Amino acid sequence: MMGATQTVFPIAATAYSVTVSDASGCSVQANAPAINMLACPIQIQLTTFIQGFYQGGGLMKPVLFNQGVSTNQTICDSIDIEVRQAFSPYSVVASGKTILQINGQAFITLPILAGNYYVVVKHRNTNQTWSSSPIAFTTGSVAYNFSTAASQAYGNQLTQVDANVWALFTGDINQDENIDLSDYQLLDASINIFSFGYQTSDLNGDGNVDLGDTTFLEQNINNFIFSIHP
């Protein structure tokens with residue numbers, strides 16, 4: 001290194017050997033103490049739609065308004081976002097909850113080290129969905145759009161809800177990563193007691209649990225939909 005001050009960018013938290021040279025070419029080497037790398041806040045911008053809540057024209061229903069939770073008709077529902085390592089065991093490195101807008105936009109800022117990571121979207125009654133491959137994270141912001149093609153999700157686990165619009169599968173009420181008869185039993189029980197309001201079994205987001213919610217569930221059960229990820 002030459003100069004009074006040098007800026008370096010370590011690639012991992014570890015001890016490094018440092019060599020310092022002066023103008024005449026003399027040098028000295030020393031071992032630097034262990035370097036701790038601090039995660040930087042990075043804004044993640046996602047675009048994603050939910051099958052049961054989609055109403056057409058690139059918009060979803062204002063589900064929280066319909067369910068009596070919010071007076072804001074520009075928001076749809078809350079979602080959980082996980083950032084996971086690109087290699088086994090694919091550990092969670094950052095996570096948080098944010099609001100999904102009716103236009104499919106969601107923003108969240110999380111502390112993340114630069115690198116490549118999977119982005120995972122979870123919602124209270126949809127199929128857990130991973131990005132098709134690890135995404136490059138750098139300082140500042142990163143954007144990912146799940147809605148443009150089935151191939152945007154790992155295992156092509158998205159369903160087409162409109163021309164050129166793809167969405168997360170609806171129906172995993174018990175969040176066991178399978179849309180199956182166990183979810184139907186929960187839906188049926190909610191229908192029988194006339195559930196309404198903020199209910200996970202309200203699959204179409206209209207504020208009531210009724211026969212209108214069975215369409216998506218029956219379709220996805222028949223197609224053996226389950227979460228696919230590394």
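Some values worked out for this structure:
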item	result
Hydrodynamic radius (Kirkwood) for the range 45-172, which is based on Cα pairs only, to one decimal in Å	14.8
Intensity falloff of the range 90-230 expressed as log10 I(q)/I(0), Debye formula with alpha-carbon point scatterers, at q = 0.21 Å⁻¹	-1.34
Net charge contributed by nearby residues that have their C-beta within less than 15 Å of ALA153 (K/R +1, D/E -1)	-1
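Any read-out appearing in this document is the output of simple, stated calculations on the displayed coordinates, not a laboratory observation. Computed from a predicted model, the values in this text were never measured in an experiment. Don't worry about glycine lacking a Cβ; one is built from the backbone with ideal geometry, like all the others, and counts go over all protein chains shown.
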